[in-house]
Each structure stands twice: as structure tokens, then as C-alpha cells.
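Shown next, in C-alpha cells, is the structure this report addresses.
The values are calculated or read from the model by the stated rules, or taken from the named source; none is laboratory data. Source: prediction; values computed, not measured. Positions of Cβ are backbone-derived with ideal geometry, glycine not excepted, and every protein chain shown enters the neighbour counts.
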């Protein structure tokens with residue numbers, strides 16, 4: 001069995017970035033994208049909170065023309081600026097990562113909260129879909 005990464009950990013984010021940067025579907029769909037985004041996982045279950053010693057897990061991703069040029073792990077989404085911040089509970093983010101919940105449906109139903117340019121996010125559905133497909137490719141271990 002290949003190595004699995006704890007969802008939200010630095011190692012998981014690095015594996016995700018590696019997959020994203022080698023993903024031709026994402027590169028093509030996001031070739032016009034030039035903005036960093038922040039993903040924030042909130043409402044961490046007790047074992048996850050204990051593991052990360054935090055109330056939330058957030059990552060700033062420098063997305064540019066179908067590549068991720070870098071990332072920063074944040075202790076809170078508000079630590080850094082980004083035109084788009086996507087926040088969701090651990091349970092919702094887990095469902096999205098497993099492909100059991102469409103991120104578009106999650107946004108439209110309020111399960112995922114988006115701060116910033118929602119129209120840009122929704123108008124780039126192919127890039128968003130390819131981004132989530134890359135997340136699904138990360139060998140992931142969920143602590144809860």
C-alpha cells in the first residue's frame with residue numbers, strides 16, 4: 001500500500017500540489033486563473049483538533065495559469081490575503097475530498113462558505129472541477 005497523508009497536513013498539501021502541478025486536466029482548465037486562494041477546514045472533530053493542536057487548518061495556495069507556485073500553511077484563514085477564501089467544516093471538506101459531495105452543490109447550499117469573488121469561482125467551473133479531481137487523487141488518511 002502506498003503512503004497515505006493525513007488530510008490537511010503539510011505532507012498532504014505537498015502531495016496535492018505535486019499532483020495538481022502534473023495534472024494536464026487542471027493545467028488546461030485553469031490556464032486563465034491568476035489568483036491565490038485559501039482553503040480553510042473548520043469545525044475539526046476532537047481527534048483532528050488534537051493532532052493539529054488547532055481550531056482550524058488552512059492553506060494559502062498560489063495558483064497561476066494551471067500551476068500552483070507555492071503554498072503556506074496557516075493557523076487561521078485570516079492570516080493572509082487571498083481574493084477567494086473557501087471555508088468548510090471537516091465533515092463537508094472530507095465529503096468533497098472523497099467525491100461524495102460536489103463543491104458547486106456545497107457552495108450553492110451553503111455547506112461551503114466562499115468569501116471574495118464567488119462569481120469568478122463559479123464561472124471557472126472546469127478549473128474548480130479539475131482542482132477537486134486532483135484532491136481526490138491524493139492518498140489520504142482521515143483522522144475522523
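Consider residue 144 carefully, then state whether it is surrounded by 17 or more Cβ atoms within 10 Å (Cβ to Cβ) and either free of Cβ contacts under 8 Å to residues at least 12 places away in the same chain or closer than 21 Å to residue 15 by Cα (or both). Spell out the reasoning first.
Values: surrounded by 17 or more Cβ atoms within 10 Å (Cβ to Cβ): no; either free of Cβ contacts under 8 Å to residues at least 12 places away in the same chain or closer than 21 Å to residue 15 by Cα (or both): yes.
The answer is no for residue 144.
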Taking residue 92 as the residue in question, decide whether it is surrounded by 17 or more Cβ atoms within 10 Å (Cβ to Cβ) and more than 15 Å from the chain's Cα centre (by Cα). no
Within the bounds of the stretch 43-63, is there any residue that is in a strand (DSSP E or B), farther than 24 Å from residue 143 by Cα and at pLDDT 95 or above? yes
So which pairs qualify, if the first residue must be in the stretch 31-55 and more than 20 Å from residue 78 (Cα to Cα), the second must be at pLDDT below 95 and in a helix (DSSP H, G or I), the Cβ gap must be under 7 Å, and the two must be at least 6 apart or on different chains? 33/127
Any idea which residue in the stretch 106-140 is surrounded by the most Cβ atoms within 10 Å (Cβ to Cβ), counting only those that are more than 19 Å from residue 30 (Cβ to Cβ), over 15 Å from the mean Cα position of the chain (by Cα) and modelled with pLDDT of 90 or more? 109
Name, by its number, the condition in (1) under 13 Å from the mean Cα position of the chain (by Cα); (2) surrounded by fewer than 16 Cβ atoms within 10 Å (Cβ to Cβ); (3) in a helix (DSSP H, G or I) that does not hold for residue 12. (2)
Inspect all residues belonging to the stretch 109-130 and state whether any of them is within 25 Å of residue 48 (Cα to Cα), out of contact with any strand residue (DSSP E or B) (no Cβ under 6 Å at 6 or more places or on another chain) and outside any loop (DSSP other than H, G, I, E, B). no
